[in-house]
């Protein structure tokens, strides 16, 4: 069972590597991979596809700066955030904005598994854990 | 007025702009105190990670697309999908004298209900052991207060001496006796005002023990007045395996603080068999490859990196380690036992048969050894007990042969009689360590034949009578033995005279 899971993970990683072109996931390649899997079913197709999905999702998330904000955020600010993150990670990063009133004030930017917290809610949480 | 408000607003704005970078991950699976986490791409090996609800984890498995973490603390409220963040810190515990007299958990949090611990410093739980350049050879004695050990298997400051035996053979008792003895010596030494006196502080790490046993140990230490010089690190059987795994390293960090700050410390790991079992459990859940007896491949390193942290440092203090291993049916050749035997500087082997025969402490002279040898003994003990180990070994051999026949020559009979007397003399009740000067006096009396005319079954009474005679009537002589630490002709004459005086007063 463990050996099957390991083999599925390895296959998913191989497929993922094939889906990346110049450091970013290519929609065409993903379509090709899915078509290949449709024709040639691996032993654990669900496990392989789930692992493949996780890897692709993580890669896509690395190219997106998801900005949560309480209060107004204009296009110029989003552009500045995208530029700053692109510089920091050495790859093109696009910025998307989502309002989140729970932050009270400020921003939270998520790029991949990095989170840049500059919100009142974050500071209050830090204060609460320090007390 | 508006300027003041502007200043406050500016301060708020400054705070509001202060961004914090966190690296996060998501719990994918959680079972038996181990979580598999997606993300955490920046996490370091052994880094503390923050779980929701205040629980802390340690990143132990850094794999290609997941991180395996052991969780210290309550895992009841954690679930799949919870966010986890890195802290950028390695696991650290509070250290310092503020911990003396306290009982703490594996993370250094007090569990004795005596309020918060007053500490200023923190040491990382995992540290590289001191190298060869900074180490000094072991040459200063650490008295256990147990005559059989101090005279035949001496332990020095900075040594690692394993205590090994089956369950219920008195392993913990030996360690508690040693801690009590350090406290007794500390009290005498500190009261004397001797500027050269170096107290020994003790750390008792209880790994996987029953809470009732830990309470019993605490009561024994408190009753003997030893708790004020002792830190107890408790990771009872009910704790999760991560706490059991980390507790000995936390104790070692606390001991290292004393060593680094020019003090001497003693650490007891009670016991490392349960520690290895906890680590095996973690490793199996982390799906690390298992080897012999299902232990992971790095189980030797688990204990070697812990015990190597005990040392005597050049120009600083020392950390003496007494690890405990529980054997099954006296099998010292089991996996974990042989590992720890090869790491330590000797072992004290306790035999079930001896224990059942009433020979307590049940030290097996043949299988016990101290690789530091007489380097860690004071001259007085060497003078009176230097040949004891050989004599007892010969006695055991003769006793084994004597079982097959009754026709023994006079010399053999005398040797057997003497051996039996030595065995009786070494019997010692639990939690009553003897000061080294008293041990010297008793061994002196034995060497000079003062116990020869006494019936074997009355030797224990005679020894007790001699001890009480010396402690009540020859206190000055005992103090002289303690300070000189060697027997010159004058001191020998005084001891001889004192023994003669006792012989007259003692009616068997």
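The values are calculated or read from the model by the stated rules, or taken from the named source; none is laboratory data. As the structure is a prediction and not an experimental result, all values here were calculated from the model. Heads up, the Cβs are rebuilt from the backbone with ideal geometry, glycines too, and the neighbour counts pull from every protein chain shown.
If the condition is being over 15 Å from residue B:503 (Cα atoms) and buried (at least 17 other Cβ atoms within 10 Å of the Cβ), then region B:467-476 contributes no residue at all. Per the listing B:52, B:94, the residue uniquely closer than 30 Å to residue B:317 by Cα and either crowded, with 18+ Cβ neighbours inside 10 Å or modelled with pLDDT under 95 (or both) is B:94.
Of the numbered criteria (1) more than 14 Å from chain A (Cβ to nearest Cβ); (2) closer than 22 Å to residue B:239 by Cβ; (3) outside any loop (DSSP other than H, G, I, E, B), the one residue B:27 fails is (1).
Scanning region B:33-47 for residues that are under 11 Å from residue B:71 (Cβ atoms) and away from every other protein chain (no Cβ under 12 Å), we see that the one that is modelled with the highest pLDDT is B:35. Within region B:432-466, can you find the residues that are loosely packed, with under 15 Cβ neighbours inside 10 Å and either in contact (Cβ under 8 Å) with a residue 60 or more places away in the chain or under 24 Å from residue B:493 (Cα atoms) (or both)? Passing the criteria: B:432, B:449, B:452, B:453, B:464.
Regarding residue A:107, is this residue crowded, with 19+ Cβ neighbours inside 10 Å, within 11 Å of chain B (Cβ to nearest Cβ) and touching a strand residue (DSSP E or B) at 6+ places or on another chain (Cβ under 8 Å)? Yes.
Any idea which of B:14, B:21, B:79 is part of a strand (DSSP E or B), within 27 Å of residue A:104 (Cα to Cα) and either within 14 Å of chain A (Cβ to nearest Cβ) or modelled with pLDDT of 90 or more (or both)? Step by step, each of B:14, B:21, B:79 is checked, and only B:21 is part of a strand (DSSP E or B), within 27 Å of residue A:104 (Cα to Cα) and either within 14 Å of chain A (Cβ to nearest Cβ) or modelled with pLDDT of 90 or more (or both). Just wondering, is there one or more residues in region B:170-180 that are modelled with pLDDT of 95 or more, more than 17 Å from the chain's Cα centre (by Cα), farther than 20 Å from residue B:439 by Cβ and surrounded by fewer than 24 Cβ atoms within 10 Å (Cβ to Cβ)? There is no residue in region B:170-180 that is modelled with pLDDT of 95 or more, more than 17 Å from the chain's Cα centre (by Cα), farther than 20 Å from residue B:439 by Cβ and surrounded by fewer than 24 Cβ atoms within 10 Å (Cβ to Cβ). Does at least one position in region B:319-341 carry a residue that is part of a helix (DSSP H, G or I), out of contact with any helix residue (DSSP H, G or I) (no Cβ under 7 Å at 6 or more places or on another chain) and free of Cβ contacts under 8 Å to residues at least 12 places away in the same chain? Yes: region B:319-341 contains one or more residues that are part of a helix (DSSP H, G or I), out of contact with any helix residue (DSSP H, G or I) (no Cβ under 7 Å at 6 or more places or on another chain) and free of Cβ contacts under 8 Å to residues at least 12 places away in the same chain.
For region A:83-103, the criterion of a residue being in a helix (DSSP H, G or I) and within 21 Å of residue B:65 (Cβ to Cβ) is satisfied by at least one position.
With a requirement of 3 or more residues that are within 14 Å of chain B (Cβ to nearest Cβ), more than 22 Å from residue A:113 (Cα to Cα) and more than 15 Å from the chain's Cα centre (by Cα), the helices (runs of 4 or more DSSP H) lying completely within region A:1-80 that satisfy it span A:2-19. For region A:90-102, residues that are surrounded by fewer than 20 Cβ atoms within 10 Å (Cβ to Cβ) and touching a strand residue (DSSP E or B) at 6+ places or on another chain (Cβ under 7 Å) total 7. Inside region B:52-75, residues that are away from chain A (no Cβ under 12 Å), more than 30 Å from the chain's Cα centre (by Cα) and either in a loop (DSSP other than H, G, I, E, B) or under 17 Å from residue B:124 (Cα atoms) (or both) make up a count of 1. For residue B:209, the conditions (1) touching a strand residue (DSSP E or B) at 6+ places or on another chain (Cβ under 6 Å); (2) more than 17 Å from residue B:60 (Cβ to Cβ); (3) crowded, with 19+ Cβ neighbours inside 10 Å are fulfilled apart from (1).
Here the condition is being over 31 Å from the mean Cα position of the chain (by Cα), more than 23 Å from residue B:379 (Cα to Cα) and assigned to a helix (DSSP H, G or I); of B:497, B:462, it holds for B:462 alone. Residues that are crowded, with 24+ Cβ neighbours inside 10 Å and in contact with a strand residue (DSSP E or B) (Cβ under 7 Å, 6 or more places away or on another chain) within region B:140-152 comprise B:142, B:148, B:149, listed in sequence order.
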